[in-house]
Each structure stands twice: as structure tokens, then as C-alpha cells.
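Working notes, structure below.
The values are calculated or read from the model by the stated rules, or taken from the named source; none is laboratory data. Here the structure is a predicted model, which means the values were calculated and not measured. Positions of Cβ are generated from backbone atoms using ideal geometry, with glycine treated the same way; all protein chains shown enter the neighbour counts.
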Amino acid sequence: MKILVINSGSSSIKYQLFQMPEEKVIARGILEKIGEEIANHEEGINYIIKMLTGGKGGIISSVDEIAGIGHRVVHGGEEFTASVLITDGVIGEIEKYSDLAPLHNPPNLMGIMACKKYLPHAVQVACFDTAFHHTLTPKAYLYAIPYELYRKYKIRRYGFHGTSHLYVSRRLANILNRDKEDLNIITCHLGNGCSVTAVEKGMSVDTSMGFTPLEGLVMGTRSGDIDPAIIFYLSQKGYSTGELNNLLNKKSGLLGISEISNDMRDLFAAKEKGDEKAKIAIDIFCYRLRKYIGAYLAVLGQTDAIIFTGGIGENQPAIREESLKGMENLAIIISKERNASAVKGQEAEISDGSSAIKVYVIPTNEETQIAFDTFEIARSHRD
């Protein structure tokens, strides 16, 4: 069965075509500058279909070969606890949560509507970034603010990057040839956006991102955790809500501290040249990550493994080493040689043989997870 995975962003569409259940990628690409060279998402989806089916370079002979389409959707609120078949009701719920993910859910919906128009025969599936975290209990997801705000506005911790955390925890279970229900894992998704999740017996029990993706770790341009009173203080100094939102989401994090870049590669290059702010930015990033890992060791108690994934997690040995530095008394011991060689998308164990808690680098593959979920739903729907 051929499954098309679509990730519609505000100005781009990423896509991969899979042969399932083999999880074989037949084609992949990204369409950029939507709103400029390509007018909108509908035109973009049509262009992708033409590329897949057109002429000598076509991958498939007809769109009828595509049995299912899996869409990445960022926010599913409390309604969606797993990937679901897209219906009119589901579309309405995704639209309802657009105010919680205004940069993501609207373009996700545009991709869905375009695919419904051009591939009406295909089973459409929504795969939510928030779904994996639906197993959080009230003690983990409620904020200590008046309960009325949760009741009226559903203000709570939702968590994000769920598809990535699910994929790497599932992949580790396969590597170890163990049931995911037998493992307690801390998964660290480190890219321009960063989050850590405590996975107990295959289920998310706590995660660092909250009501929005702003909470938690220091990220490329996001502040992560701060004292909320800073917002009131800056408001009194004349900052508008729009300016504060832009400040914390787009001008903070690694970029804000270093005043150089949100890219860890640039910061390491600057650090090597003696730039003190680049060094401080890297130190803060690792320190905050170490704090969260330590907290989740306490949450899980017995812990089997720690996983690093995402662009930084997969390709920056120095970040992995520094983040776990001084944890030998907690039975976490890194092998310098293994750690140094685990780059460029390699799957590897980087812990020393004497480490009771194993440490792995596992490249994330959210598209494969979406394809897997879509295949299961499409097969069930067809049957």
C-alpha cells in the first residue's frame, strides 16, 4: 500500500511517499515559498501530485495508487488521543484548536483540504503532535492556577513533538527486542525546538513543553522556562503583548543569549574563536537539559535508557557529553569514543559497558511513524 505523508507549514509542504508496510521511502521532497512562487497550499499539493505522476520522472502511474494520506497536525487538544480518520467533525476540532497553535494548525488544515480535493479516493488520517502525551495525569498536566481557567479555556500542559518521542521509544524497544511496556525511557528531542519526555512503560507521563511549545528547555529562539513575572515587568516597561510574544518565541533562546545565531553549529564555531556569549549559551542549554533529565530520573525511578534525537541530539557529541556530565553516581556513564563517532544520522549506543542506564542516539523519523499510523487506519478502513 502506498501512503503519502504531508507536513504542511505556513510557507512550505514537506512530503514523503512510502511503500507500506515495508516502510520504504519511494519519494521525498519539500515545496517552499508558498505564498510567493506558489500561490497557496492547494496549488502546492497539486504541484506535488503532478511531480509524483508526471512524465518520465514520475514515481507512480496514477494518484489512484495512493491509498492513504497521513497529515501531521500539531495540536489536537484533549479530544485526540491517537491518530484518527479525518471526518468533517475532526476537521472542525482541528480548526477549534487553531487559536492554541495559530502558526501550525491553519496550514495543516489547508493541506488536508487540498488533499481531499485532489485525492478524494484516499483515506485521510490526522496524526497529532499532542496525542502521545494524552496519558499525562492531572498531577502532571494541570498548572497551579485557578481550576476555572482549565474548565473554561482548557489551559493545561499538552506537550508536543509527540510523534518523535513515540517513534524513538518504539524504535529502542525494537533494537533491544523488548516490549515497549517493559521499558522506562527519557527521550530528548533536541533541534531548533527542544523537549524532553519521561516515557514509562511505553506511555508519556511527563514532558517539558506545556500549554504551548514555549515552555521547557532553552531552544533555538524560544526562551523555555522563565519567571512569569518577567512578562508583567516588561509590560510595565512598555512592551505590548505582541512584542512580548515575539521576544520570547523568536528572539530568545540560543539566539537571544549569544546574540549570534540560533544554530548550535554556529555557536560552536564562535566558541572555538573565543566568543564568551556563545560559550554561555551552550552552557545554559546543557545545564537546563541536565536539570530536566535529573527531574525525569526522579519521576521514573527505575530508568532503562536515555535517547538523544533531533538535529542537535543526533549530531552534537559535545552537547550529549556535557548534558550527562557528573551523572556517574546515577549510573550514567558515557563512552567518549562511542559518543564521538555517533554523528550524521547514525543509530548507536553511546554509553559505556558499565553504565546501568543505557544511552542511545536514535535519529528521529516522524514521517515513518505517521506512515505507520496511516497504514494501520487505512488498512482497517479498507477491510
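In the stretch 61-82, which residue that is among the hydrophobic types (A, V, I, L, M, F, W, C) and assigned to a loop (DSSP other than H, G, I, E, B) is farthest from Phe132 (Cα to Cα)?
For the stretch 61-82, the residue satisfying everything is Val74.
Rundown of residues vs (1) farther than 19 Å from Ile312 by Cα; (2) in contact with a helix residue (DSSP H, G or I) (Cβ under 9 Å, 6 or more places away or on another chain); (3) at pLDDT 95 or above, yes/no style:
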residue: Leu190; (1), (2), (3): no, yes, yes
residue: Ser204; (1), (2), (3): yes, yes, yes
residue: Gly210; (1), (2), (3): yes, yes, yes
residue: Pro213; (1), (2), (3): no, yes, no
residue: Phe232; (1), (2), (3): yes, no, yes
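Check Val125 against each of (1) part of a loop (DSSP other than H, G, I, E, B); (2) in contact (Cβ under 8 Å) with a residue 12 or more places away in the chain; (3) farther than 30 Å from Ile306 by Cβ; (4) of a type outside the set (S, T, N, Q) and name the one condition it does not meet.
Only one criterion is unmet by Val125, namely (1).
Starting from the stretch 315-338, take each residue that is at positive phi and surrounded by fewer than 17 Cβ atoms within 10 Å (Cβ to Cβ) and list its partners that are part of a loop (DSSP other than H, G, I, E, B) and among the small types (Gly, Ala, Ser), counting only C-beta distances under 6 angstrom and pairs at least six apart or across chains.
Going by the 6 Å Cβ cut-off, the qualifying pairs are Ala331/Ala356.
Being touching a strand residue (DSSP E or B) at 6+ places or on another chain (Cβ under 6 Å) and charged (D, E, K, R) is the filter; apply it to the stretch 176-211 and report the residue that is surrounded by the fewest Cβ atoms within 10 Å (Cβ to Cβ).
Glu200
Output the residues belonging to the stretch 258-267 that are among the acidic types (Asp, Glu) and under 18 Å from Tyr287 (Cα atoms).
Answer for the stretch 258-267, where residues must be among the acidic types (Asp, Glu) and under 18 Å from Tyr287 (Cα atoms): just Asp263.
Go through Tyr97, Tyr153 for me and flag whichever is farther than 30 Å from Ile38 by Cα and either hydroxyl-bearing (Ser, Thr, Tyr) or not assigned by TED's automatic domain parsing to the domain that holds Asn249 (or both).
Tyr153 is the lone residue from the list that is farther than 30 Å from Ile38 by Cα and either hydroxyl-bearing (Ser, Thr, Tyr) or not assigned by TED's automatic domain parsing to the domain that holds Asn249 (or both).
Return only the number of the condition from (1) in contact (Cβ under 8 Å) with a residue 60 or more places away in the chain; (2) in a loop (DSSP other than H, G, I, E, B) that Gly311 does not satisfy.
Status for Gly311: all satisfied but (2).
Would you say Gln302 is surrounded by fewer than 17 Cβ atoms within 10 Å (Cβ to Cβ) and farther than 15 Å from Cys188 by Cα?
yes
For every residue, the table says whether it meets (1) under 13 Å from Gln316 (Cα atoms); (2) modelled with pLDDT under 95.
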residue	(1), (2)
Asn329	no, yes
Gly345	yes, yes
Lys358	no, no
Glu376	no, no
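Return the residue satisfying two criteria in turn: it lies in the stretch 128-175 and is of a type in the set (A, V, I, L, M) and more than 22 Å from Ile306 (Cα to Cα), and of such residues it is surrounded by the most Cβ atoms within 10 Å (Cβ to Cβ).
Only one residue tops the list, namely Ile155.
If you go through the stretch 83-122, how many residues are in a loop (DSSP other than H, G, I, E, B) and either within 20 Å of the chain's Cα centre (by Cα) or buried (at least 19 other Cβ atoms within 10 Å of the Cβ) (or both)?
Count: 9.
Being in contact with a helix residue (DSSP H, G or I) (Cβ under 7 Å, 6 or more places away or on another chain) and of a type in the set (A, V, I, L, M) is the filter; apply it to the stretch 1-20 and report the residue that is surrounded by the most Cβ atoms within 10 Å (Cβ to Cβ).
Ile3
Could you go through the stretch 287-299 and let me know if any residue there is under 18 Å from Val196 (Cα atoms), at pLDDT 95 or above and not in a helix (DSSP H, G or I).
no
Which one is farthest from Tyr118 (Cα to Cα) among residues in the stretch 49-72 that are at pLDDT below 95 and hydrophobic (A, V, I, L, M, F, W, C)?
Among those that are at pLDDT below 95 and hydrophobic (A, V, I, L, M, F, W, C), it is Ile59.
Go through the stretch 328-351 and count every residue that is assigned to a loop (DSSP other than H, G, I, E, B) and under 26 Å from the mean Cα position of the chain (by Cα).
Looking only at that region, the number is 8.
Being of a type in the set (S, T, N, Q) and surrounded by fewer than 24 Cβ atoms within 10 Å (Cβ to Cβ) is the filter here; which residues of the stretch 361-383 pass it?
Listed by number, the residues that qualify are Asn365, Thr368, Ser380.
Which one of these does Ser240 not meet: (1) on the phi > 0 side of the Ramachandran plot; (2) surrounded by fewer than 20 Cβ atoms within 10 Å (Cβ to Cβ); (3) not aromatic (Phe, Trp, Tyr)?
Only one criterion is unmet by Ser240, namely (1).
So how many residues does the stretch 25-73 have that are without any contact (Cβ under 8 Å) to a residue 12 or more places away in the chain, crowded, with 16+ Cβ neighbours inside 10 Å and of a type in the set (D, E, K, R)?
0
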